[in-house]
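Here is the structure we will look at.
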Amino acid sequence: MKDIDIEIFLNELYMKGQINDSKSTNKIDKYLNITPDTGQFLGFLAQFTSAEKILEVGTSNGYSAAWLALWTDEAAQITTIENDPKKISAARENFLSTGLVDKIKIIEGDAPMILSKITESFDLVFVDMDRKLYLDILEDVIRLTRTKGIIVFDNAVSHKDEMTDVFNYFNGNPQFHTYLAPIGKGEFVALKKW
Ligand SMILES: C[S@@+](CC[C@H](N)C(=O)[O-])C[C@H]1O[C@@H](n2cnc3c(N)ncnc32)[C@H](O)[C@@H]1O
């Protein structure tokens, strides 16, 4: 990693996202980044659990992946999936400028298709993409999370009505411990017990 001031880099990246989103009239052009306190929460979870293999679904311009990469050990690897070519090149540029490019692998394409083909398992999975597809990817997300691994869904408060099926799947399911963290847009956390 290059010698950068992490705090300044993350602040600048967040501001770039805010400016981009305020100028974009089409939702598809917006970066829709997580909030900085969500980044801290993800970084904390990743460090606390010594996560070395992290999977993100929904890269955008790389803000959340940068948090995960900057707050984990050298050995940690982040794999992140994105289907929008413009966002992929923005993320690549951001990762290159910091030297994070070796720590973060972007898989380009449609998340449901890609997830169905991955066979390795992950310590932490962060899901932040098109919520209409959450039920379609749920089985794969669970399959790809190791035992005692953690799954985090963003927007669990801001768009809770769109996530009812996800909550219903996990809540009361003995395979998982769940927790709704009132951070940022609301982070729904599921710990896979077995
Ligand atoms: C909310 S944004 C992710 C923000 C990012 N996690 C961050 O905080 O910096 C959701 C992203 O999911 C991507 N996306 C939506 N549907 C997708 C799909 N089917 N496959 C891959 N990426 C998808 C969008 O292009 C968008 O960049």
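The values are calculated or read from the model by the stated rules, or taken from the named source; none is laboratory data. On a predicted model such as this, the values are computed, not experimentally measured, just so you know. Ideal geometry is used to build each Cβ from the backbone, glycine not excepted, and the neighbour counts take in all protein chains shown. All accessible areas refer to the heavy atoms of the entire protein, side chains included, with ligands and DNA or RNA removed. Shrake-Rupley method; radii C 1.70, N 1.55, O 1.52, S 1.80 Å.
Laid out as a table, the results:
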quantity: Residue of 166, 152, 141 that the Gaussian network model of the chain assigns the largest fluctuation, springs spanning Cα pairs under 10 Å; calculated: 166
quantity: Among 148, 117, 53: highest mean-square fluctuation, GNM of the chain, C-alpha pairs under 10 Å; calculated: 117
quantity: Gain in span if fully extended, residue 102 to residue 75, counting 0.36 nm per residue against the direct Cα distance; calculated: 8.7 nm
quantity: Over 19 Å (Cα to Cα) - which of 53/192; 16/86; 30/87; 160/193; 87/117; 53/132 fall in this group; calculated: 160/193; 87/117; 53/132
quantity: Computed magnitude of the charge dipole of the chain (debye, nearest 20; Cβ of K, R +1, Cβ of D, E -1); calculated: 260 debye
quantity: The stretch 6-192 pair-distance distribution - Cα-Cα, 10 Å bins, rounded %; calculated: 9, 40, 40, 11, 0
quantity: Residue among 31, 169, 63 with the largest mean-square fluctuation in a Gaussian network model of the chain, springs linking Cα atoms under 10 Å; calculated: 169
quantity: Carbon + sulfur, % of accessible area of the stretch 6-192 - ligands and nucleic acids excluded, 1.4 Å; calculated: 54 percent
quantity: Beta bridges by DSSP in the stretch 82-194, antiparallel share as percent, to the nearest 5; calculated: 60 percent
quantity: The chain: antiparallel DSSP beta bridges as a percent of all, rounded to 5; calculated: 35 percent
quantity: 1.4 Å probe accessible area per residue over the chain, in Å²; calculated: 50 Å²
quantity: Estimated 222 nm signal from helices in the chain, with DSSP H stretches of n ≥ 4 weighted -39500 (n - 2.57), rounded to 500; calculated: -12000 deg cm²/dmol
